[in-house]
Amino acid sequence: LRPCLPPSALSYVAGLGWFLALAFQPLAPRTYMSENAMGSTMVEEQFLYGERALSYAREFAGHKKKAGGMPVAWLEKTMWNLGLEVHRQPFSRTLPFPDEARERYMVKGTNVYGILRAPRAASTEALVLTVPCSEGPHNNQAVGLMLALASYFRGQIYWAKDIIFLVNEHDLLGMEAWLEAYHDVNLTEVRSSGTLGRAGAIQAALSLELSSDVVTSFDVAVEGLNGQLPNLDLLNLFHAFCQKNGLLCTIQGKLPRSDWDSLPAFGHSLQTLLRMVLAQASGQPRGDHGLFLRYRIEAITLRGINSFRQYKYDMTTVGKTLEGMFRKLNNLLERLHQSYFFYLLPSLSRFVSIGVYMPAFGFLILVLVLKISFWVVRALPLRTPSPPRRSPGLTPLFPQESRPGLLVLVPPLLICHAAGLALYFLPVLGQHVATQHFPVSESEAVVLTVIAIYVAGMALPHNTHRVLAGGGSDRGWMTLKLLALLYLAVQLGCLALLNFSLGFLLAATMVPAAAAVQPTGPK
């Protein structure tokens with residue numbers, strides 16, 4: 001039997017080629033609004049509090065500098081004067097490692113938020129506008145614009161959902177503390193105190209980051225924790241109102257292009273697509289919105305950019321865009337569910353659905369399927385007719401090979417799973433033991449534990465050889481190779497369903513090595 005290398009190589013090249021072709025226009029149709037309640041941007045925005053937003057920003061910056069952190073008392077007083085129901089939430093979190101800036105193990109902070117109760121409905125549903133309070137002069141304008149929007153929204157009577165205006169401290173730590181307390185769960189061992197005022201079930205959330213009085217464009221971040229993505233309609237809503245108000249909007253820092261038929265446009269779209277794949281594969285949220293997604297709350301992060309571009313937009317234009325989005329979200333009768341949850345974006349105006357990009361991954365997995373079929377033929381014995389009876393005392397001309405049973409494969413599999421469990425649990429346990437008995441830091445203890453596990457894992461091939469050598473032939477190695485390919489194919493398939501980008505990148509790098517290596521006994 002000859003290995004099926006040409007079909008395997010062809011399938012691998014087809015998978016990579018299909019992925020690169022996703023940036024072409026026929027495979028990336030234009031985005032469209034699927035939710036009927038948000039199908040039109042025909043609302044008349046009347047936000048005119050741009051100067052008031054800048055005034056709030058200057059006051060916030062002054063009190064923030066004076067307090068040396070988030071001015072909790074000033075925020076509570078200002079929100080109370082605006083007519084909001086104000087609450088504070090102190091929280092603390094013990095870090096596994098000391099942070100690089102202040103070398104502290106305990107992080108303490110306070111979240112401040114105000115609730116605008118809906119005058120036309122019971123408190124059953126809510127929307128959230130959140131602004132992270134960062135150190136230094138960052139996000140001062142975002143807090144000012146949020147307070148100006150709260151002042152304007154307070155005077156309107158058409159709200160059917162509660163609106164929560166949240167200022168969270170310590171970025172993701174404060175955001176996770178607030179979400180856990182709001183939903184009465186404890187996932188990350190964050191300790192918080194104080195009675196939380198609650199509104200209705202949160203339908204959608206916007207995180208705003210703005211650090212200048214004027215902006216030239218808005219960059220939208222969609223990647224959440226572990227590669228989760230918000231409903232595509234929320235992104236389409238933001239894009240629609242940016243087009244209505246003349247705001248430039250980007251994704252992955254890239255502006256959309258109109259000349260889709262040219263080669264430079266294809267390269268531009270491919271670069272945007274690759275940036276999103278890398279960001280999604282990392283599993284890290286690209287903003288505070290990423291933590292909302294794990295609670296089934298659709299959210300995005302909007303970052304105001306002030307670059308060298310000629311056109312500048314003031315706070316009034318930005319406020320009108322946010323007002324229009326909240327008025328459209330206020331019309332929702334149910335959660336966003338009509339549009340896609342699994343997609344890739346070569347541009348803000350075009351998308352690639354799961355039914356289009358999954359074949360690229362399927363071609364890579366086909367390489368493993370072809371190899372599995374090849375090793376099935378090699379590893380499993382063929383049915384041959386029983387040899388004729390021979391007289392006693394005669395030596396057979398072709399001695400039969402001893403066939404190892406499946407039980408000889410159990411020790412290598414157990415060793416592999418034990419190594420995986422050790423990599424998952426022992427670094428944390430080794431951190432506590434090493435810091436108590438040896439003069440090392442927490443981070444050094446984890447690194448040394450991982451190195452020790454990998455060094456111990458170097459004995460795995462030798463032990464596997466000793467176990468499988470008892471079979472008397474190479475068939476044991478072939479069967480082990482078959483099981484390894486089956487494990488890899490199933491794990492990559494499950495991973496691609498949860499996080500396509502991570503599954504595709506792992507498949508593109510691991511499949512060639514897994515398919516090319518052929519077991520030859522002790523070698």
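The values are calculated or read from the model by the stated rules, or taken from the named source; none is laboratory data. Just so we're clear, the structure is a prediction, and the values are computed from it rather than from any experiment. Here the Cβ positions follow ideal geometry from the backbone for every residue, glycine too, while neighbour counts run over all protein chains shown. For the accessible areas, the whole protein counts, side chains as well, though only heavy atoms, and no ligand, DNA or RNA atoms are used. Shrake-Rupley method; radii C 1.70, N 1.55, O 1.52, S 1.80 Å.
Whether a residue is touching a strand residue (DSSP E or B) at 6+ places or on another chain (Cβ under 6 Å), touching a residue at least 12 places away in the same chain (Cβ under 8 Å), among the β-branched types (Val, Ile, Thr) and more than 22 Å from residue 302 (Cβ to Cβ) was assessed, and residue 86 passes this test.
The residues of segment 19-31 that are touching a helix residue (DSSP H, G or I) at 6+ places or on another chain (Cβ under 7 Å) and either under 20 Å from residue 245 (Cβ atoms) or open to solvent by less than 90 Å² (accessible area, probe 1.4 Å) (or both), listed by number, are 19, 20, 21, 22, 23, 27, 28, 31. How many residues are open to solvent by 40 Å² or more (accessible area, probe 1.4 Å) and under 15 Å from residue 208 (Cβ atoms) when one looks only at segment 289-319? Residues flagged as open to solvent by 40 Å² or more (accessible area, probe 1.4 Å) and under 15 Å from residue 208 (Cβ atoms) within segment 289-319 amount to 3. Scanning segment 182-217 for residues that are at pLDDT below 90, touching a Ser or Thr at 6+ places or on another chain (Cβ under 7 Å) and in a strand (DSSP E or B) yields 191, 217. Scanning segment 407-417 for residues being surrounded by fewer than 11 Cβ atoms within 10 Å (Cβ to Cβ) and of a type in the set (A, V, I, L, M, F, W, C) gives a total of 2.
Taking segment 270-357 and the strands (runs of 3 or more DSSP E) fully enclosed by it, the elements with 3 or more residues that are touching a Leu at 6+ places or on another chain (Cβ under 7 Å) and within 18 Å of residue 236 (Cβ to Cβ) are at 298-305, 343-347. Summed over segment 169-194, the residues that are among the hydrophobic types (A, V, I, L, M, F, W, C) and either at positive phi or in contact with a Leu (Cβ under 7 Å, 6 or more places away or on another chain) (or both) give a count of 5. Go through 45, 35 for me and flag whichever is at pLDDT below 90, surrounded by 17 or more Cβ atoms within 10 Å (Cβ to Cβ) and over 28 Å from the mean Cα position of the chain (by Cα). Just a single option satisfies the conditions, and that option is 45. Of all residues being part of a helix (DSSP H, G or I) and either touching a Ser or Thr at 6+ places or on another chain (Cβ under 8 Å) or of a type in the set (Val, Ile, Thr) (or both) in segment 466-501, which is modelled with the lowest pLDDT? Just the residue, please. Here the residue is 471. Could you tell me whether any residue of segment 54-61 is assigned to a helix (DSSP H, G or I), modelled with pLDDT under 80, surrounded by 17 or more Cβ atoms within 10 Å (Cβ to Cβ) and of a type in the set (A, V, I, L, M)? No, the conditions are met nowhere in segment 54-61.
Of the residues that sit in segment 117-138 and are open to solvent by 10 Å² or more (accessible area, probe 1.4 Å) and either assigned to a strand (DSSP E or B) or touching a Pro at 6+ places or on another chain (Cβ under 9 Å) (or both), which one is modelled with the highest pLDDT? Top of the filtered list is 125. Restricting attention to segment 205-228, the residues that are under 18 Å from residue 147 (Cα atoms), among the polar types (S, T, N, Q) and surrounded by fewer than 24 Cβ atoms within 10 Å (Cβ to Cβ) total 2. Selection of first residues in segment 438-450 that are charged (D, E, K, R) and of second residues that are open to solvent by 40 Å² or more (accessible area, probe 1.4 Å), restricted to Cβ pairs under 7 Å at least 6 apart or on distinct chains, gives the following pairs, ordered by first then second residue: 442/96; 442/97; 442/435.
With respect to (1) surrounded by fewer than 16 Cβ atoms within 10 Å (Cβ to Cβ); (2) closer than 29 Å to residue 172 by Cα, the lone exception for residue 274 is condition (1). Between 193, 151, the distinction of being open to solvent by 50 Å² or more (accessible area, probe 1.4 Å) and closer than 21 Å to residue 79 by Cβ belongs to 193 only.
Each residue in segment 65-82 was checked for being at pLDDT 90 or above and open to solvent by less than 80 Å² (accessible area, probe 1.4 Å), and 9 pass.
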